[in-house]
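Asker: Take this structure first; my questions come after.
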Amino acid sequence: MNGKLTILGLESSCDDTAAAILTREGARSRARILSSVVSGQAALHAPFGGVVPEIAARAHAEKLDGCVRRALTEADVTLDAVDAVAVTAGPGLIGGVLSGVMCAKAIAAARGLPLIGVNHLAGHALTPRLTDGLAYPYLILLVSGGHCQFLLVRGAQAFTRLGGTIDDAPGEAFDKVARLLALPQPGGPAVEAEAGTGDPARFALPRPLLDRPGCDMSFSGLKTAVLRARDGVMQDNSLRAGDRADLCAGFQAAVCDVLVEKTRRALDLYLAEAPATPALAVAGGVAANQAIRGGLADLCAARGVEFVAPPLKLCTDNAAMIAYAGMELFDAGQRDGMDLAARPRWPLDGAAPGMLGSGKKGAKA
Ligand code: KG4
Ligand code: ZN
């Protein structure tokens, strides 16, 4: 083989069912996304105010075949063109992960193709190589509804975790604050829109863990502080529009301050290793927030570090990132057997101490 490679990727670890086809012409050429199909389940879970694992698992099992078919059609290829199948094997909601792993095993067995189990977080962490060709080592901040951690990415199988949340992920905090303020879900965009007209300095909200060294973060106390501040200004059980905007602005400013300061510390650790082409990447739904993105971009500019924020559809859950990670793992010689296990927890950095968080989405490995 001259290194030409086409990979089918599958993702089903939370509430998005996804399939993608990635190809590259030779070992030295950049990977191209031929198709990336994402089928969300938001409407199924909306009545319950959060992702219901059993409903998610069943929906994945029902949708996977169709997503694979659509990915092949949109890429204008058949399974004959596929050289390997990459699938998220964890961490995540176990029923969903199992659905994807079973589907991938069936395709691999029926077509005699190599099977590659991918860590979902590695998929996020390697995305800046797919989108921007970033060289190792780089620093990445994963910030979504289920993840929050700094990873020093040294290779497709070499990650050092510099810190992360000890409780809620920032997206989870945005969602909970939106609920407290009677704003729609997902909370992030709604809170950001309100914050735009609010006064961030009116309410004195905490900046959790900034008084402690290191890169760990905490967001659940901040949400409780918003609840108290809200109760202090509510009249007859209702909130004035101006109060709501000020609460949103104060909350967003606090999250932003914490993320920027902790990123400064993570950058210090990373830059101490004198990387040849220093870069910070950000991934996850919260990376859509302009205030947070702007704060990180300013920090990078001041430190002479390249700032990379992949397009949002590749920052949030998708299968192109799984296919891409599968491609790097294929090159590294990884081949999994029919005994590939689905793992609810799977830390990328096995040497790092476990986090305390009790992630609602179960993905905070
Ligand atoms: O990565 P993602 O789509 O899904 C997972 O969590 O896996 O992230 C979704 C999260 C939600 O919590 C949502 O409220 C948050 O990202 N989010 C935002 C914004 N857009 C989405 N948070 C803050 N500001 C935003 N503009
Ligand atoms: Zn994710």
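So that you can scan it fast, the table gives a plain yes or no per residue for (1) farther than 21 Å from I116 by Cβ; (2) in contact with a Phe, Trp or Tyr (Cβ under 9 Å, 6 or more places away or on another chain); (3) of a type in the set (G, A, S); (4) open to solvent by less than 60 Å² (accessible area, probe 1.4 Å):
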position: A71; (1), (2), (3), (4): no, no, yes, yes
position: A81; (1), (2), (3), (4): no, no, yes, yes
position: T88; (1), (2), (3), (4): no, no, no, yes
position: G95; (1), (2), (3), (4): yes, no, yes, yes
position: S99; (1), (2), (3), (4): no, no, yes, yes
position: M102; (1), (2), (3), (4): no, no, no, no
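Asker: I've got another one for you. Applying the selection to region 319-350, what residues are within 14 Å of L142 (Cβ to Cβ) and either open to solvent by less than 50 Å² (accessible area, probe 1.4 Å) or modelled with pLDDT of 95 or more (or both)?
Answerer: Of everything in region 319-350, those that are within 14 Å of L142 (Cβ to Cβ) and either open to solvent by less than 50 Å² (accessible area, probe 1.4 Å) or modelled with pLDDT of 95 or more (or both) turn out to be M321, A325, L348, D349.
Asker: Could you figure out which of (1) among the β-branched types (V, I, T); (2) within 16 Å of ligand 2 (Cβ to nearest atom); (3) farther than 21 Å from V153 by Cα isn't true of V258?
Answerer: (2)
Asker: Quick one: which residue in A106, A158, A110 is more than 16 Å from ligand 2 (Cβ to nearest atom) and closer than 21 Å to A352 by Cβ?
Answerer: Numbers: A106 fails: closer than 21 Å to A352 by Cβ; A110 fails: closer than 21 Å to A352 by Cβ.
Just a single option satisfies the conditions, and that option is A158.
Asker: How many residues are within 13 Å of ligand 1 (Cβ to nearest atom) and surrounded by 15 or more Cβ atoms within 10 Å (Cβ to Cβ) if we restrict to region 277-295?
Answerer: Of all residues in region 277-295, those within 13 Å of ligand 1 (Cβ to nearest atom) come to 282-295.
Narrowing the set further to residues that are surrounded by 15 or more Cβ atoms within 10 Å (Cβ to Cβ) leaves 282-289, 291-293, 295.
Number of matching residues: 12.
Asker: So, E194, is that one within 16 Å of ligand 1 (Cβ to nearest atom), outside the structural domain of A56 (by TED's automatic domain parsing) and in contact (Cβ under 8 Å) with a residue 60 or more places away in the chain or not?
Answerer: Judged against the criteria, E194 is not a match.
Asker: Considering only residues that are away from ligand 1 (no atom under 16 Å from the Cβ) and either of a type in the set (A, V, I, L, M) or exposed (fewer than 15 other Cβ atoms within 10 Å of the Cβ) (or both), which ones fall in region 252-276?
Answerer: Matches in region 252-276: R264, A266, L267, D268, L269, L271, A272, E273, A274, A276.
The values are calculated or read from the model by the stated rules, or taken from the named source; none is laboratory data. Since the structure is predicted, the reported quantities are computational estimates derived from the model, not experimental observations. Glycine also receives a Cβ, built like all others from the backbone with ideal geometry; neighbour counts cover every protein chain displayed. Side chains included, ligands, DNA and RNA excluded: accessible areas come from the protein's heavy atoms. Shrake-Rupley method; radii C 1.70, N 1.55, O 1.52, S 1.80 Å.
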